[in-house]
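Worksheet: the structure to be examined is printed underneath.
The values are calculated or read from the model by the stated rules, or taken from the named source; none is laboratory data. Computed from a prediction, not measured in an experiment: that's the story for all the values here. Here Cβ is always computed from backbone atoms with ideal geometry, including for glycine, and neighbour counts include all displayed protein chains. Note: areas computed on protein heavy atoms with side chains; ligands, DNA, RNA excluded. Shrake-Rupley method; radii C 1.70, N 1.55, O 1.52, S 1.80 Å.
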Amino acid sequence: METFRPGDRDELKEVVSWAAAERAPLAVSGNGSKAGLGRPVEAAHRIDLSRLSGVLLYEPEELVISAKAGTPLTEVEAALKERGQEMSFEPPDYGPLLGGPAGRGTIGAVFACNLSGPRRAKSGAARDFFLGAAAVNGRGESFKTGGRVMKNVTGYDMCKLLAGSYGTLAVMTEVTFKVLPLPSRTPTVLVLGLDDHSGVQAMTRALKSPFEVYGTAHLPRAVAARVGAAGVVGLGRAVTAVRIEGPPPSIRYCRERLRELLGDLGPMEDLDEAGSFAFWREVRDVIPFADLPDRTVWRLSVTPVKGADVVAEIAQSLDVLAYYDWAGGQVWLAASCGGDSAGLVAAEATIRRAVAHAGGHALLVRASEAERRTVPVFQPLDGAKAQLALRLKDGFDPARILNPGRMYAGL
């Protein structure tokens, strides 16, 4: 595969214009850390955005930062941490889950894939913090969208459209987004030994409370045993975790009230700052399933109160491990599919059927290249949504050269 490494937007425009004229498909990536996320791209040429790197603007007082799309996520995080700020949507690092090293992701990929972590249920998704972008569409035309403030409503809010498009509509060269101050303290309260339904009940109670809850997760015993965070190792029980954030006086009050609120459900423990940080990073990056290469990994999005029911229905037919984030609204599922294409097809049908019963959708996050060719990776689109996706692709990339097939065949 021939690789192009543009150093600026003009060089990128030249490459894309050539590809559009020649009808030559392009695989678009930053450092390639998410190449295994989505369907395989059929392209003889690749655009590597790693040279488009660096923070362009950072105004801590205004809570806004701009960076080139190929800037390593670790570089952005370091710059923010130095000024006591963070990306509140907690972008995950799927490197180890997808079979690669940690710390290789880029800021452009975060927004192109709309990746968010455990705080998403409280703070919002990556696209909710996305203020502006510069990009090149499939015609080789450069454009800018959005700005540097949240209330930028001039014209179409194309940032929201580009977020989650996986590089199939345009190649982003710059991104601008909102950041927030780091919380003073982030300890975690654990409830031990709950079954899945009781765990969802505990998470729902916590999130509905006024006690500064910024993360809820339930890990059944078999999954909790795979967590390496201090304070969880060796417990030998299911863990339902509630993270609270704020200054020390507020933390003390919220922790006491949460213990009163959840104390009737089971015994409780506390995670200190270090243990809490490590635990939520493992939950965020799906580390409990990273060393299970023979299992496909799915992300299920369902109504929170139905999460445990969906897993129970799937478990009637498949050998699965699962844990719950976002109070049960996001379920991470590692499924054994029998090792052949027929088993995978049957497993995919079982999973999508169970999710459909709950009114949700499913994304195949990790599978081999052959497996990702065999079954749909993203939730299949119905007629109206398929037509809308087709019209968007025609508008941005009529020659079908940008990451063709990454999300859906023919797009």
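Placing pseudo-labels 7 Å out from each Cα toward the beta carbon at residue 336 and residue 144 gives an inter-label distance of 5.6 nm.
Between the alpha-carbon centres of the stretch 348-385 and the stretch 299-325 there is a gap of 14 Å. For the set 303, 240, the ranking by accessible area, highest first and with no ligand, DNA or RNA atoms included, is 303, 240 under a 1.4 Å probe.
A 1.4 Å probe run over the stretch 278-329, with the rest of the protein chains in place, finds 36 Å² accessible per residue. Among 190-196, 221-227, sorting by the average number of other beta carbon atoms lying within 10 angstrom of each residue, highest first, gives 190-196, 221-227. Specify whether the C-alpha gyration tensor of the stretch 268-355 places it in the rounded, prolate or oblate class, a ≥ b ≥ c being the square roots of the eigenvalues: rounded for a/c under 1.5, otherwise prolate if a/b is larger than b/c and oblate if not. Oblate shape, in that a/c is at least 1.5 and b/c is the bigger or equal ratio.
In terms of packing, defined here as the mean over residues of other Cβ atoms within 10 angstrom, the peptides 91-101, 259-269, 322-332 line up highest first as 322-332, 91-101, 259-269. Per residue, the stretch 51-195 exposes an accessible area of 39 Å² to a 1.4 Å probe, with every protein chain left in place. The residue among 360, 85, 311 whose Cα reaches farthest toward the positive pole of the charge dipole of the chain, with charges on the beta-carbon of Lys, Arg, Asp and Glu, is 360.
Here are some pairs, 122/306; 178/393; 13/81; 178/385; 160/306; 160/208; which of them have Cα atoms lying more than 25 Å apart in this structure? The pairs that break the limit, which is 25 Å between Cα atoms, are 178/393; 13/81; 178/385; 160/306; 160/208.
With a simple spin-label model that places each label point 7 Å from the Cα along the Cα-to-Cβ direction, the separation between residue 274 and residue 303 comes to 4.4 nm.
Using 0.36 nm per residue and subtracting the Cα-Cα separation, the extra length available between residue 59 and residue 74 on full extension is 3.6 nm. Angle of helix 341-357 to the longest C-alpha principal axis of the chain, folded into 0 to 90 degrees and rounded to 10: 70°.
Taking each DSSP H run with n ≥ 4 as -39500 (n - 2.57) and averaging over every residue of the chain yields -9500 deg cm²/dmol at 222 nm.
The fraction of accessible area contributed by carbon and sulfur in the stretch 82-186 is 47 percent, rounded to a whole number (1.4 Å probe; ligands and nucleic acids excluded).
Summing +1 for each Lys or Arg and -1 for each Asp or Glu among the other residues whose beta-carbon sits under 14 angstrom from that of residue 37 gives +3.
Here Cα Rg over 2.2 N^0.38 Å was computed from the coordinates, and among (i) 1.07; (ii) 0.99; (iii) 1.53 the match is (ii).
Computed from Cα positions, the angle between helix 383-396 and the longest principal axis of the chain comes to roughly 50 degrees. DSSP beta bridges confined to the chain are antiparallel in about 90 percent of cases. Angle, helix 248-262 long axis vs. longest principal axis of the chain, Cα atoms, 0 to 90°, nearest 10? It is inclined by approximately 70 degrees.
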